[in-house]
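Asker: Dropping the structure in here first, questions after.
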Amino acid sequence: MSINSFGHLFRFTTWGESHGPALGAVVDGCPPGLAIDEGMIQPYLDARRPGQSRFTTQRQEPDQVRILSGVFEGRTTGTPISLLIENTDQRSKDYSEVAKAYRPGHADYAYDAKYGFRDYRGGGRSSARETAARVAAGGVARLVIPEVTILAWVSAIGGDAIDMANFDAAQIGQNPFFCPDAQAAARWEGLVDQARKAGSSLGAVVECVATGVPAGWGAPLYAKLDAELAHAMMGINAVKGVEIGDGFAAAANTGEGNADPMRPADDGRNAGPQFLANHAGGIAGGISTGQPVTVRVAFKPTSSILTPMPTITREGEATELFTKGRHDPCVGIRGVPVVEAMMALVLADQKLLHRGQCG
């Protein structure tokens with residue numbers, strides 16, 4: 001059985017392939033009565049859309065979303081919401097060699113080993129093209145959590161990290177890298193250009209912060225908020241690592257250094273504690289604390305490169321293969337709206353779970 005659905009109460013299922021006629025998502029469990037139209041979802045897809053700069057794949061897809069069900073007179077009905085995104089710029093002929101041999105670093109061999117059959121056109125379901133459907137579903141999820149603000153950015157490309165002293169959120173939408181550090185963005189132009197011209201690729205780190213998450217979302221054990229976030233982020237194509245809060249850096253800290261000290265709130269009301277640090281990333285014991293929820297996601301370098309790599313054919317014979325076609329020299333760049341979408345989908349689900357248990 002293949003698992004193509006995610007979530008508990010707010011649940012979505014994606015469908016479609018990279019070179020099929022269309023792809024999309026079915027969102028189930030969305031509360032009724034929420035104002036919605038395609039225009040509320042489209043901006044998130046526009047942010048992920050390919051072909052917007054020389055630093056991303058040159059595949060030209062408008063990624064226009066259509067709502068097919070679950071909406072009446074501009075409001076959600078509480079029934080499944082079906083979202084459709086057509087594929088319009090496939091070049092399946094670019095993958096004729098991939099039909100005969102496995103691309104190193106891709107899911108080609110693993111898919112063949114599992115199913116005994118695979119869609120070699122762009123990788124089928126293993127293609128990052130599938131994430132467009134998640135971004136559409138995430139646009140619906142954001143309607144469920146209007147109290148939460150989600151912001152993601154690229155914090156490193158090819159090991160070159162931003163300087164947090166230069167962090168300016170206004171810069172994120174002003175450059176093709178979703179970078180909050182103008183100086184780093186300028187460096188990355190040369191870095192990614194060099195990889196692109198060499199037919200190579202680079203990895204990236206995406207950071208995401210959700211503010212406005214109230215204390216209490218999550219569960220102590222099997223639906224921990226941080227575990228759900230890790231599950232969601234690791235399920236994104238090309239992601240190989242996830243950190244919550246300080247992540248691996250916490251292993252090098254001490255108990256007192258890693259603690260998040262508390263003081264009474266200074267607003268004169270019984271509004272919970274004032275935290276003096278946020279090493280835990282806004283989650284303690286699997287439950288949100290009311291602090292910003294922070295996640296860091298590592299994207300591997302794109303496996304589709306022009307450098308010939310040793311591999312084998314389906315018959316087990318030695319050969320070399322390089323990947324033709326149009327590919328991202330750094331897939332983590334377009335991972336920013338996908339990370340935001342998965343954050344929204346998890347938080348919407350956790351909000352409904354909390355309301356279901358605690359009212």
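The values are calculated or read from the model by the stated rules, or taken from the named source; none is laboratory data. As the structure is a computational prediction, the values presented were derived from the model and not from experiment. All Cβ positions, glycine included, derive from the backbone under ideal geometry; neighbour counts span all protein chains shown. Quick note on the areas: whole protein, heavy atoms, side chains included, nothing else; ligands and nucleic acids left out. Shrake-Rupley method; radii C 1.70, N 1.55, O 1.52, S 1.80 Å.
Asker: Report, by residue number, each residue of region 165-195 that is open to solvent by 60 Å² or more (accessible area, probe 1.4 Å) and under 22 Å from the mean Cα position of the chain (by Cα).
Answerer: PHE167, ASP168, ALA170, GLY173, GLN174
Asker: Can you name every residue in region 2-21 that is assigned to a loop (DSSP other than H, G, I, E, B) and either farther than 26 Å from ASP226 by Cα or touching a strand residue (DSSP E or B) at 6+ places or on another chain (Cβ under 8 Å) (or both)?
Answerer: ASN4, PHE10, GLU17, SER18, HIS19, GLY20, PRO21
Asker: Being of a type in the set (D, E, K, R) and assigned to a loop (DSSP other than H, G, I, E, B) narrows it down to one residue among ASP226, ASP193, ASP266; which is it?
Answerer: Answer to the check: ASP266.
Asker: Being surrounded by fewer than 19 Cβ atoms within 10 Å (Cβ to Cβ) and either part of a loop (DSSP other than H, G, I, E, B) or modelled with pLDDT under 95 (or both) is the filter here, so list the residues in region 204-219 that pass it.
Answerer: Hits for region 204-219 are GLY212, PRO214, ALA215, GLY216, ALA219.
Asker: Among the residues of region 67-90, what is the count of those that are in a strand (DSSP E or B), within 16 Å of GLY39 (Cβ to Cβ) and either open to solvent by less than 40 Å² (accessible area, probe 1.4 Å) or free of Cβ contacts under 8 Å to residues at least 40 places away in the same chain (or both)?
Answerer: 7
Asker: Another one. Specify the residue that is nearest to LEU34 (Cα to Cα); the eligible residues are those in region 56-66 that are open to solvent by less than 20 Å² (accessible area, probe 1.4 Å) and at pLDDT below 80.
Answerer: Looking at residues that are open to solvent by less than 20 Å² (accessible area, probe 1.4 Å) and at pLDDT below 80, I get GLU61.
Asker: So, one more: From the list ALA280, ALA298, which residue is more than 18 Å from the chain's Cα centre (by Cα) and at negative phi?
Answerer: On inspection, the qualifying residue turns out to be ALA280.
Asker: Would you check if ALA232 is assigned to a helix (DSSP H, G or I), open to solvent by 40 Å² or more (accessible area, probe 1.4 Å) and out of contact with any Cys (no Cβ under 8 Å at 6 or more places or on another chain)?
Answerer: So ALA232 does not fit the description; no.
Asker: Mind checking which pairs have a first residue in region 111-134 that is crowded, with 19+ Cβ neighbours inside 10 Å and a second that is at pLDDT 80 or above and of a type in the set (Phe, Trp, Tyr), Cβ under 7 Å, 6 or more apart or different chains?
Answerer: Once the first residue is crowded, with 19+ Cβ neighbours inside 10 Å and sits in region 111-134, its partners that are at pLDDT 80 or above and of a type in the set (Phe, Trp, Tyr) give ARG118/TYR111; SER126/TYR111.
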